[in-house]
Amino acid sequence: MKPTDNPSGIVFDIQHFSVHDGPGVRSTVFLKGCPLTCRWCSNPESQRHQPELLHFGKLCTQCGICVEECPNDALAIAGDELRRDEAACKLCGLCVSVCPQDARQLSGRRMTVEEVSTEVRQHWRIFMQSGGGVTLSGGEVLAQPAFAGALLSALHDDLGFHTCVDTTGFLPWENFERLLPAIDLILLDLKHMDDSRHREATGIGNARILENARRLGERGFPVFVRLPLISDYNDTDENLHALGAFMKEVGLATLEILPYHEFGVSKYTALGKTYTVHSRIEPKADRAASILDDYGLSVTVARR
Ligand code: SF4
Ligand code: SF4
């Protein structure tokens, strides 16, 4: 990478020693902003493109320290609630650093390619020993194409790391195609095979996602399909058979089932959002795996 070529993007988290986001032990870099609004999203703070504050009311003791420290008088205690004036708040993050209860979190900060590379590079020995590398996740990685492209090129071409991109698949094919030379593996979510049901739970239809999946399969690019399995939504026989047939037809052979979980529910309240998954029954992942096995796919179920 040339010194002049150091773009920046909004990153909301970097997790090290991940074993769920591709082969081996990895660092996962989460980019902020997503065109989808999946109801079950376990990272709802990933959806907006801009940084935002989370407030975990159950942890807050209304001690008032953050109110005193806020340089913009954006905070006030009203009854047993801490209120923030969004217009006055400059998202400086001071209230996060002074809170003794860890009741506040600032999601999203601008980082350069160099800063991200420097952070993940510390773990290169573990990547090499475990067959791991770096995964870009989100949000939707390809919603920040210039940043994602420069970061992938730095990680893959300059540092020689194995790279995965965990994507919704919703971006234009040109965005994908440009980045493929610096990607070793794509983790692609296929959430529902029916367009209207896909739209109902994610806010967008599935036509472009399926078309991108088809193109990747037909060119033999390494792809692991991921199915976030949700009861009474995409665990029906009809959807599972449609998924198996589609993957077989387009030459995608590896599928990981991610059973529904509720790890991110508290973050909805912390963001002032409402969690709208109504059927919170554990889906029958082994049954789904057995249906999909019959299509000759390599199927695994994530146990977390
Ligand atoms: S982020 Fe900064 S401006 Fe906003 S409420 Fe916290 S301390 Fe005040
Ligand atoms: S500093 Fe933390 S615990 Fe105290 S009022 Fe602010 S958010 Fe609540």
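The values are calculated or read from the model by the stated rules, or taken from the named source; none is laboratory data. Just so it is clear, the structure is predicted and the values come from calculations on it, not from any experiment. All Cβ positions, even for glycine, are placed from backbone atoms using ideal geometry, and neighbour counts span all protein chains on display.
General remarks:
- Failed condition for residue 125, given (1) modelled with pLDDT of 95 or more; (2) over 26 Å from residue 48 (Cβ atoms): (1)
- Note on region 15-80: enclosed strands (runs of 3 or more DSSP E) holding 1 or more residues that are modelled with pLDDT of 95 or more, of a type in the set (Ser, Thr, Tyr) and more than 11 Å from ligand 2 (Cβ to nearest atom) are 26-31.
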